[in-house]
Amino acid sequence: MRLDKFLKVSRLIKRRPVAKEVADKGRIKINGKLAKSSSDVKFNDTIEIRFGNKIVEVRVTELKEFTRKEDADKMYELISETRITEEIE
């Protein structure tokens, strides 16, 4: 599954164009490697997303084409959520 679609379906990022923009700005890594919006997401991959002053790290537990809002958080397992005090480039 494409990264931008996974982020939208799992509701980590609400809209697919926003997910694409975040990925294309180099703020998302899959298994420690910089990822583009078209990168493939597989079961058990680790995704690190940088939202402004916060880094969220999740592990993929399910891949679904569509999901209900209540079931979206079952698609991933939260590993860590870290606040950044200084700007990292």
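Quick notes on this one:
- Karplus-derived 3J(HN,Hα), 6.51/-1.76/1.60, for each residue of the stretch 46-62, Hz, glycine and proline x: 9, 10, 10, 10, 9, 9, x, 9, 9, 10, 10, 10, 10, 10, 6, 10, 8
- Contact order normalised by residue count of the stretch 1-81, Cα under 8 Å, 6+ apart, percent: 27 percent
- Using θ = phi - 60° and Karplus 6.51 cos²θ - 1.76 cosθ + 1.60, couplings along the stretch 12-21 (whole Hz; Gly, Pro as x): 5, 10, 5, 10, 5, x, 5, 4, 5, 5
- Taken along the Cα-to-beta-carbon direction at a fixed 7 Å, the label points for residue 34 and residue 68 span 4.1 nm.
- Sparsely packed chymotrypsin sites (Phe, Trp or Tyr not before Pro) within the stretch 10-81, loop by DSSP, other Cβ within 10 Å at most 13: 43, 66
- Karplus-derived 3J(HN,Hα) values for the stretch 64-71, using 6.51 cos²θ - 1.76 cosθ + 1.60 with θ = phi - 60°, are 10, 6, 9, 8, 7, 4, 5, 9 Hz; glycine and proline are entered as x.
- Apportionment of accessible area to carbon and sulfur, the chain, percent (1.4 Å): 48 percent
- In this structure the amide hydrogen of residue 51, modeled in the peptide plane, comes within under 5 Å of the amide hydrogens of 56, none closer than 5 places in sequence on its chain.
The values are calculated or read from the model by the stated rules, or taken from the named source; none is laboratory data. Keep in mind that what you see is a predicted model, and the values were worked out from it rather than measured. Neighbour counts are summed over all protein chains in view; Cβ atoms, including those assigned to glycine, are modelled from backbone coordinates with ideal geometry. Note: accessible area is taken over every heavy atom of the protein model, side chains too, but ligands, DNA and RNA are not part of it. Shrake-Rupley method; radii C 1.70, N 1.55, O 1.52, S 1.80 Å.
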